[in-house]
């Protein structure tokens, strides 16, 4: 994977979408790469990006390995259009045939594709703290805050579906871009308490490896990592947890 950091705080210009032309770079918060790295995708594996729009993590996954099959799902129709544009702008022709795009409700994916995937990424809908905190639209920000109480149930249902879609022995990564314990640790704890065949995977080594570029919350994370924005390391917030589905139920 090739990643570049600007040495100045100036915002890089976005390239315009043009059918038939591949863009040279994709702009994203560097912390968004951590869920992709945690998944440890290998050549030939079948992978599901359950909540794929706008597509940055799907693009990053394809830079990590040559999957046998990449299923990019997005339930929201407007975000699905954004996802399709992203894939058209960055995916070279040889990779097009290994990618499928769908508009299924993520909560139904497990029943539709049971035990189909080696790896599953659930970059779940969340409070998106950074977005509403710096939003100039106060009404939209207030609406997002009001919806926070509904999100943990949705996130749990998405994870249950993802677990159904994951083959035994497979790995799942759950991520959000919020500091909310209710949407992070509490969601993972609910899943671990509900499934005897789902085990947490320790990813603390990734925090040690990336400590020069990211600030991680020092305590309170029983499972997973939490990137917190800090002076000189303004990436995040980003919560990442990794789970494994065992062969026994």
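The values are calculated or read from the model by the stated rules, or taken from the named source; none is laboratory data. Quick caveat: nothing in here was measured; it's all calculated off a predicted structure. Heads up, the Cβs are rebuilt from the backbone with ideal geometry, glycines too, and the neighbour counts pull from every protein chain shown.
Scanning region 47-90 for residues that are in contact with a strand residue (DSSP E or B) (Cβ under 7 Å, 6 or more places away or on another chain) and surrounded by fewer than 19 Cβ atoms within 10 Å (Cβ to Cβ) yields 68, 69, 84. Does residue 37 satisfy the criteria of being in a loop (DSSP other than H, G, I, E, B), within 18 Å of residue 206 (Cα to Cα) and in contact (Cβ under 8 Å) with a residue 24 or more places away in the chain? So residue 37 fails the test.
Within region 56-84, the set of residues being closer than 17 Å to residue 38 by Cα and either over 18 Å from the mean Cα position of the chain (by Cα) or part of a loop (DSSP other than H, G, I, E, B) (or both) comprises 65, 66, 67.
The residues of region 171-184 include none that are surrounded by 23 or more Cβ atoms within 10 Å (Cβ to Cβ), out of contact with any helix residue (DSSP H, G or I) (no Cβ under 7 Å at 6 or more places or on another chain) and either at pLDDT below 95 or under 17 Å from residue 248 (Cα atoms) (or both).
For region 7-14, indicate whether the set of residues that are within 28 Å of residue 178 (Cα to Cα), at pLDDT below 95, surrounded by fewer than 17 Cβ atoms within 10 Å (Cβ to Cβ) and touching a helix residue (DSSP H, G or I) at 6+ places or on another chain (Cβ under 8 Å) is non-empty. So far as region 7-14 goes, no, none of its residues is within 28 Å of residue 178 (Cα to Cα), at pLDDT below 95, surrounded by fewer than 17 Cβ atoms within 10 Å (Cβ to Cβ) and touching a helix residue (DSSP H, G or I) at 6+ places or on another chain (Cβ under 8 Å).
Of all residues assigned to region 29-42, none qualifies as being surrounded by 12 or more Cβ atoms within 10 Å (Cβ to Cβ), more than 26 Å from residue 225 (Cβ to Cβ) and out of contact with any helix residue (DSSP H, G or I) (no Cβ under 7 Å at 6 or more places or on another chain). Note on region 85-136: enclosed helices (runs of 4 or more DSSP H) holding 3 or more residues that are modelled with pLDDT under 95 are 93-96, 129-133. Residues in region 212-240 that are out of contact with any helix residue (DSSP H, G or I) (no Cβ under 8 Å at 6 or more places or on another chain), at pLDDT below 90, surrounded by 11 or more Cβ atoms within 10 Å (Cβ to Cβ) and assigned to a loop (DSSP other than H, G, I, E, B): 234 only. Residues in region 78-115 that are touching a helix residue (DSSP H, G or I) at 6+ places or on another chain (Cβ under 6 Å) and within 15 Å of residue 163 (Cα to Cα): how many? Looking only at that region, the number is 6.
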